[in-house]
Amino acid sequence: MYADTMNGRKEVLKIPYQVEMQLTLLLSTVVGLTMAAVYQMPLVKTGSPRIRMMRKGTWREALKQRNAARIKARATALAAGETYRQNVNDYYDTQYFGNVTVGTPEATFQVVLDTGSADFWIPDVTCAPPPKEKSCEASVCDSGTLCKVFCPNKERCCAETGKKYTCAGKHAYDWRQSQTAKQKGGTWEIEYGTGSASGEFSVDIVRFGNVGDKRLEVPGTVVGRATKIAEFFKDIPMDGILGLAFKAASTSNIAPPFVRAYQLGLVDPVFTVHMRSVGDAENVFGGVFTYGGIDTENCDKEVTYVKLTYAAFFLFEMDAVSLGNFHDKSGWEVISDTGTSFIGAPTRIADEIAKAAGARLPTTMANEQLTL
């Protein structure tokens, strides 16, 4: 992966996927990266969900739910005897999404392209409220004779009492309407730092990019159909998550879409990430993912190779960090995660970076931090 980081510095990672998920970076592989096609997928940068929630007056409640989920996860980890982890606060300030289509005919979904996970899921049709018939669009839930006359199919007219659709407002996938879909047995559940998602599986064709573009098409991809998602995802303008990490990181031991594309010989085992800093602009071009090659338009000619320490995520050793007059060469193992909007670091390092950048936490936010 080759990333142009948002602060203008270059982060260069050329990491080939291996079918057996080997940890070694094979330089001989680089010589052969000339046969497969290269596909580019534009990114869209959206506005801050935090700002939208503040305007709607729902931010404080969302933060309480977030902190409650963290406490629960921490308690579960302690009960299981797992190692301690230091939590950090993220404030939903940067969101980058790309479009994919699934099935035949194509259904479009806006997803997070996430190198920090390896599972692909989108909302299932049962997770979103059914569309109303045109004659009933103006009514919230007509009852009695009116509903029976104009809407004999109550499911298409009247909201089901007591049923909560956690995917309301998002695009939903109906595998039964796809000519290329097949049902796959089993269920799945994923716990993220911000909440969970769960559902069932299908197998269908997945295309990276917008309709009409030159796209990477991956047939026979396992699609997670989310029948339930966490409340946290409600205010984020995304439909689902497309994991770009390795199969070893998949909660269901399933090859992620890009890994499958490589296994099918559709692309060379490399992709490039270029993210642009566009300030507070919303729903604008925010960069590009390039699958199967180096982004020669946005990346320098010089490429630095870094060996992975564990090929589940993009985990590697970072020798040093510096900003302004601050320098530290202690060395750490780090993860490059395109689905995360913050930089996580040991408290001492984070404080020094903030100091060097002249940054400080606003008092209003400091009062909202979670303390354990």
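Residues ARG276, ARG225: which one is basic (Lys, Arg), surrounded by 18 or more Cβ atoms within 10 Å (Cβ to Cβ), in the same structural domain as GLU106 (by the TED database) and touching a residue at least 24 places away in the same chain (Cβ under 8 Å)?
Working: ARG276 fails: surrounded by 18 or more Cβ atoms within 10 Å (Cβ to Cβ).
Only one candidate qualifies: ARG225.
Within the range 279-336, restricting attention to residues that are of a type in the set (Val, Ile, Thr) and either more than 24 Å from the chain's Cα centre (by Cα) or assigned to a loop (DSSP other than H, G, I, E, B) (or both), which residue is surrounded by the most Cβ atoms within 10 Å (Cβ to Cβ)? Step through it out loud before you land on a result.
Within the range 279-336, the subset of a type in the set (Val, Ile, Thr) is 284, 288, 290, 294, 296, 303-304, 306, 309, 321, 334-335.
Going one step further and asking which of them are either more than 24 Å from the chain's Cα centre (by Cα) or assigned to a loop (DSSP other than H, G, I, E, B) (or both), we end up with 294, 296, 303-304, 306, 321.
Values: ILE294: 20, THR296: 11, VAL303: 13, THR304: 11, VAL306: 17, VAL321: 18.
By that ranking, first place goes to ILE294.
Among the residues of the range 172-186, is there at least one that is within 16 Å of the chain's Cα centre (by Cα) and assigned by the TED database to the domain that holds LYS228? So that I can check it myself, show each step before the final result.
Here is the first cut: in the range 172-186, the ones within 16 Å of the chain's Cα centre (by Cα) are none.
Checked the range 172-186: no residue is within 16 Å of the chain's Cα centre (by Cα) and assigned by the TED database to the domain that holds LYS228.
Matching residues to (1) among the charged types (D, E, K, R); (2) within 23 Å of PRO123 (Cα to Cα):
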residue	(1), (2)
ILE254	no, yes
PRO257	no, yes
ALA261	no, yes
LEU264	no, no
MET275	no, no
VAL284	no, no
TYR291	no, no
ALA311	no, no
ASP319	yes, no
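Consider the range 232-254. How many of its residues are surrounded by fewer than 19 Cβ atoms within 10 Å (Cβ to Cβ) and more than 17 Å from VAL112 (Cβ to Cβ)?
Residues that pass the stated criteria total 3.
With the structure loaded, tell me whether THR194 is surrounded by 15 or more Cβ atoms within 10 Å (Cβ to Cβ), under 18 Å from PHE258 (Cβ atoms) and polar (S, T, N, Q) or whether it fails that test. Before the answer, list the steps.
On the way: surrounded by 15 or more Cβ atoms within 10 Å (Cβ to Cβ): yes; under 18 Å from PHE258 (Cβ atoms): no; polar (S, T, N, Q): yes.
Against the criterion (surrounded by 15 or more Cβ atoms within 10 Å (Cβ to Cβ), under 18 Å from PHE258 (Cβ atoms) and polar (S, T, N, Q)), THR194 does not qualify.
Conditions (1) at pLDDT 90 or above; (2) in contact with a strand residue (DSSP E or B) (Cβ under 6 Å, 6 or more places away or on another chain); (3) among the β-branched types (Val, Ile, Thr); (4) part of a loop (DSSP other than H, G, I, E, B), marked per residue:
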residue	(1), (2), (3), (4)
PHE233	no, no, no, no
LEU242	yes, yes, no, no
ALA248	yes, no, no, no
ILE254	yes, yes, yes, yes
ALA261	yes, yes, no, no
HIS274	no, yes, no, no
SER277	no, no, no, yes
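The values are calculated or read from the model by the stated rules, or taken from the named source; none is laboratory data. Model, not experiment: these values are computed from the prediction. Glycine gets a Cβ as well: all are built from the backbone with ideal geometry, and neighbour counts include every protein chain shown.
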